[in-house]
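S.K.: Here it is, the structure in full.
The values are calculated or read from the model by the stated rules, or taken from the named source; none is laboratory data. Note that this is a predicted model, so its numbers are computed, not measured. Neighbour counts run over all protein chains shown; Cβ positions are idealised from the backbone, glycine included. The accessibility values were calculated without ligands, DNA or RNA, using every heavy atom of the protein model including side chains. Shrake-Rupley method; radii C 1.70, N 1.55, O 1.52, S 1.80 Å.
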Amino acid sequence: DKGDFEHFMLKEIYEQPKTIEETFRGRLKPEYSEIVLGGLLNVFPRIMEAERIVIVGCGTSWHAALIGEYMLEEYARVPVEVEYASEFRYRKPVLTEKDAVIFISQSGETADTMAALHLAKEKGALVLGICNVVGSSLSRETDAGVYTHAGVEIGVASTKAFTAQVTVLTMFALKLAKAKGNIGEEEYQELVKELSQIPEKGKQVLENNEAIKQVAEKYKDAVNALYLGRGYLFPVALEGALKLKEISYIHAEGYAAGEMKHGPIALVDDNLPVVVVAPHDAYYEKIVSNIQEVKARKGNVIAIVTEGDKGLKEMANDVIEIPKSHPALAPLLAVLPLQLLAYHIALLRGCNVDQPRNLAKSVTVE
Ligand code: F6R
């Protein structure tokens, strides 16, 4: 049931403040400064001993994995590798009992992800799942796991499942970081507290819907689009580009902003919208100079900025604000306007946003 919404995708975008909260409810306990992931209890000693964590997924789930990699390496200080399931399963990866492999899948039925899971299991690795569909193949065949509590996702383009996956990965990274003694108590507390505030801040982002719709009007006829971000926001740039291409059929590419000079800058002209995820963080100065480079070549910059940012308001063609947050949690906020932008552009182009051509919700064949 779509309720008051015109499409499932829009409904699911709007559900995110609630679904993120559902995903951490009962698990994130700021008052006890403890994160409880019941599903991992029995295997936690093995996770602690793992020499490496590998995260495997496809599409949007793979983007969530990249954010998990950044968090796990920064805070838990464990080496992490992220793999496309379709590559991992065929490329003879080195795997041992000392590896913990996390499989991320909304549906829990993706053929490549399941095949990768069987391979990792065969090699004796600890296999864990982050999955949305209760009782799915993935949830049955992993040693242990954590459910995302996003609820049923009907729109083919994944939205609320993504933010729920990132929420689980955040809790997992913080729990492991604390257990390993690799994060200071103060920073840990701050992150836990900030995560608990994301739903409220997410609601504020969604209030910009009208402004985002106006930006969509301006760029709806674009043929190509570029998305740039750095650090935790690089995977968000990839995800923004994927959302746009899959539902509006505009060719879009996501790039780490620092890579721009190594190729994609050649694309920039006065026809190219460049979406830059540029909140106030340690990379701010770097990303501002990337924006200047795009502007110097007459590209149109749509900047996602931290509330109150003045500099970029003058520099960018369009600005969409998100509330201030811890840099590691910014993906949960920054992805929301990108989902809405893709939604409105697709709608204005007359596309079927809930059921884009050639795509299936659950990819059960490779
Ligand atoms: C993108 C999208 C796909 C899925 C991918 C993996 O919006 O929905 O890229 O993320 O097919 O699906 P799951 O997570 O079910 O394994």
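S.K.: Among 344-350, 288-294, how do they line up by average Cβ neighbours within 10 Å per residue, starting with the highest?
M.R.: Details: 344-350: 19.6, 288-294: 18.0.
The packing order, highest mean first, is 344-350, 288-294.
S.K.: Would you mind telling me the share, in percent, of accessible area of the chain contributed by carbon and sulfur at probe 1.4 angstrom?
M.R.: Heavy-atom surface of the chain belonging to carbon and sulfur, 1.4 Å probe: 49 percent.
S.K.: Further question: For the stretch 6-105, with the dipole built from +1 on Lys and Arg beta-carbon atoms and -1 on Asp and Glu ones, taken about the Cα centre, which of LEU41, HIS63, LEU95 lies farthest toward the positive end?
M.R.: Value: LEU95.
S.K.: Turning to a different aspect of this structure: Restricting to DSSP H runs of at least four residues, report the calculated mean residue ellipticity at 222 nm for the chain, -39500 (n - 2.57) per run over all residues, nearest 500 deg cm²/dmol.
M.R.: Calculated from helices alone, the mean residue ellipticity at 222 nm is -13500 deg cm²/dmol.
S.K.: Which residue, SER137, SER105, SER325, has the most motion in a Gaussian network model of the chain that connects Cα atoms within less than 10 Å?
M.R.: SER137
S.K.: Which helices, counted as full DSSP H runs in the chain, have an axial Cα extent of no less than 20 Å and a Kyte-Doolittle average of 1.0 or above? Could the numbers behind the result be given before it?
M.R.: Working: long enough: 160-179 (29 Å, 0.95); 185-206 (32 Å, -1.05); 234-248 (21 Å, 0.59); 330-348 (28 Å, 1.85).
The answer, listed by residue number, is 330-348.
S.K.: For the stretch 19-132, what number of Lys pairs, 8 or more residues apart or on separate chains, have alpha-carbon atoms under 18 Å from each other?
M.R.: 4
S.K.: Same structure, new question: Which of LEU359, VAL156, LEU329 sits closest to the plus end of the dipole of the chain, meaning its Cα is farthest towards the positive end, when Lys and Arg get +1 and Asp and Glu get -1 on the C-beta?
M.R.: The Cα lying farthest towards the positive end belongs to LEU359.
S.K.: Sum up the lysine pairs in the stretch 273-366 that clear both bars: alpha-carbon distance under 23 Å and a spacing of 8 or more or different chains.
M.R.: Number of lysine pairs found: 11.
S.K.: If one computes P(r) from the Cα atoms of the stretch 1-40, what percent of pairs lie at distances over 14 Å?
M.R.: Every Cα pair in the stretch 1-40 considered, those over 14 Å come to 58 percent.
S.K.: Which one of GLY184, ALA125, VAL166 has its Cα pushed farthest toward the positive end of the charge dipole of the stretch 121-194, where Lys and Arg give +1 and Asp and Glu give -1 at the Cβ?
M.R.: Projecting each Cα onto the dipole axis, the largest value belongs to ALA125.
S.K.: For the chain, with only Lys/Arg (+1) and Asp/Glu (-1) charged at the beta-carbon, what is the dipole magnitude about the Cα centre, in debye rounded to 20?
M.R.: 340 debye
S.K.: How much length, in nm to one decimal, is gained on full extension between GLU259 and GLU293, taken as 0.36 nm per residue of separation minus their Cα-Cα distance?
M.R.: 11.0 nm
S.K.: If the chain were replaced by its equivalent ellipsoid, with semi-axes equal to the square roots of 5 times the Cα gyration tensor eigenvalues, what would those be, largest first, whole Å?
M.R.: 32, 23, 20
S.K.: Given the options LYS92, LYS313, LYS18, which has the most mean-square fluctuation in a GNM of the chain, springs set between C-alpha atoms less than 10 angstrom apart?
M.R.: Among LYS92, LYS313, LYS18, the largest mean-square fluctuation in the Gaussian network model of the chain belongs to LYS92.
S.K.: Pick from THR170, THR96, THR60: which residue has the top mean-square fluctuation in a GNM of the chain where Cα pairs under 10 Å get a spring?
M.R.: Residue with maximal mean-square fluctuation among THR170, THR96, THR60: THR96.
S.K.: Suppose every K and R has +1 on its Cβ and every D and E has -1 on its Cβ; what is the size of the dipole of the stretch 274-366 about the Cα centre, in Debye to the nearest 20?
M.R.: Values: 10 positive and 10 negative charges, 58 e Å.
Magnitude of the dipole: close to 280 debye.
S.K.: For the chain, what is the accessible area per residue in Å² when the probe is 1.4 Å?
M.R.: Here the residues of the chain average 41 Å² of exposed surface.
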